[in-house]
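Trainee: Here it is, the structure, as structure tokens.
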Amino acid sequence: MASRCSPEAACPAAFRAWRTQPGYSFSAAAGPLPAAVAHEVAEACRPGPGSILSLPFTSSAYRDLQAETEACLRRLLAIPDAFAVLFLAGGASAQFAAVPMNLLVAEGHGAAGAGARRETGAEAPGTAVAAGAAEFASALYIDSGHWSRRAIAEARRFARVAVRELAGVSRAAGALDEDAAHPFAYVHLTPNETADGLQFAQLPPTRAPLVADLSSELLTRPLDWQRLSLAYAGTQKTIGTPGLSLVVIRRTLLGRVRADIPRLMDYGAQAEADSRLCTPPVLPVFVAHRMLHWIEAAGGVAAMAARLHGRHALIAAAMAEGEAAGLYRWMAPAGWRSRVNPCFRLPDEETTARFLDAAEAAGLRDLRGHPARGGVRLSLYNGLSDAAVEALADFLARFARGRVGSGIARCGRGT
């Protein structure tokens with residue numbers, strides 16, 4: 001017997017409540033889609049023979065969709081032809097394992113396929129491959145916060161990993177060059193740490209190929225492909241919805257994989273199959289397509305970077321009084337503060353709870369910091385509306401005035 005419950009009533013209560021919440025979400029896990037993009041996606045999902053929900057990935061229509069998505073991404077980021085672009089199912093955390101399995105040949109695991117050859121001659125960084133397993137059996141990881149440590153822990157399951165603390169990197173950009181003089185297969189960097197509110201102002205120079213997890217900052221600023229050899233990112237924060245990861249890799253790095261790598265994680269095999277070695281995430285690719293074109297129509301990456309700069313400046317100005325009084329305390333030191341995910345603490349847990357409750361009552365949701373770091377986290381992703389940022393800035397200033405005026409702000413200072 002068919003259920004008499006409506007589809008909405010059949011949904012879990014918490015999900016129904018979430019769907020009707022007013023205000024704005026500042027979740028670091030997934031960024032909002034601009035209203036125009038959300039409407040386009042909703043229209044494409046309507047029932048019928050043309051619904052994106054039933055588009056076969058084997059069809060020419062999907063192949064054209066993926067090709068145009070790649071073309072738009074290449075235009076926006078000025079990706080050279082020397083790089084392959086992969087559309088992979090899953091989240092960016094899967095690349096924590098895929099990167100070492102593709103770029104390192106651990107001792108006892110020979111390189112697979114004819115691609116495992118030594119490149120010679122004066123080529124761009126990242127062209128040396130792992131024909132000598134002992135020579136390229138380790139990688140250098142920069143420990144800049146929570147997500148870089150997650151990447152380090154996963155990479156250590158597959159190969160030897162050297163770790164450079166952030167303090168060593170901040171002394172001089174050349175510090176990485178010194179480390180990379182050792183024959184590391186690559187240097188891994190998380191330029192924007194969402195849990196720690198820390199961001200590198202620019203990609204550091206390295207002699208070894210530079211690998212970057214760009215999940216939280218993709219298309220928020222230009223990329224230097226002279227310095228970068230492999231970039232990966234989940235799309236759910238700045239250019240789409242969960243379920244799709246992008247990998248942009250220098251073609252000379254393909255084919256140096258471990259012999260025991262799962263075929264679906266082999267970047268070379270995926271490149272040969274045009275990212276369709278298995279069923280690709282069709283709907284997230286479509287969402288990324290629409291989001292990329294929205295960014296292009298808005299002025300491209302330069303416009304996104306300028307807008308983010310203005311938004312961060314607005315937030316910083318709104319926090320200034322509270323910061324001076326000791327109420328708002330940035331997690332990252334000056335010069336390292338993330339424009340995408342500003343993070344700060346309040347004097348104690350009670351004040352933090354009051355702040356979050358007041359924000360929720362004002363319609364400003366999902367501001368609690370990462371469970372591993374605590375505090376408050378403000379995520380200013382590309383799809384966030386100007387109205388949301390302005391409401392947040394107004395609340396930050398009003399909360400500070402109320403606490404500073406009552407003389408409470410400095411309580412617990414130094415804790």
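Trainee: Sorted by average packing, counted as other Cβ atoms within 10 angstrom per residue and highest first, what order do 191-202, 156-167, 47-58, 262-273 take?
Mentor: The most tightly packed comes first, giving 191-202, 262-273, 156-167, 47-58.
Trainee: Which ³J(HN,Hα) values in Hz, rounded to whole numbers, follow from the phi angles of region 222-238 under the Karplus curve 6.51 cos²θ - 1.76 cosθ + 1.60, where θ = phi - 60° and Gly and Pro get x?
Mentor: x, 10, 9, 6, 6, 8, 9, 10, 8, 10, 9, 6, x, 8, 6, 8, 10
Trainee: Check which residues have an amide H placed less than 5 Å from L198's amide H, if you skip close sequence neighbours.
Mentor: E193, S338
Trainee: Skipping prolines and chain starts, which residues have an amide H placed within reach, meaning under 5 Å, of the one on Y186, given they are 5 or more residues away or on another chain?
Mentor: Here L140 satisfy the definition.
Quick note: the coordinates plus some simple rules give every number you see, no bench work behind them. As the structure is a computational prediction, the values presented were derived from the model and not from experiment. No Cβ is skipped: glycine too gets one built from the backbone with ideal geometry, and neighbour counts run over all protein chains shown.
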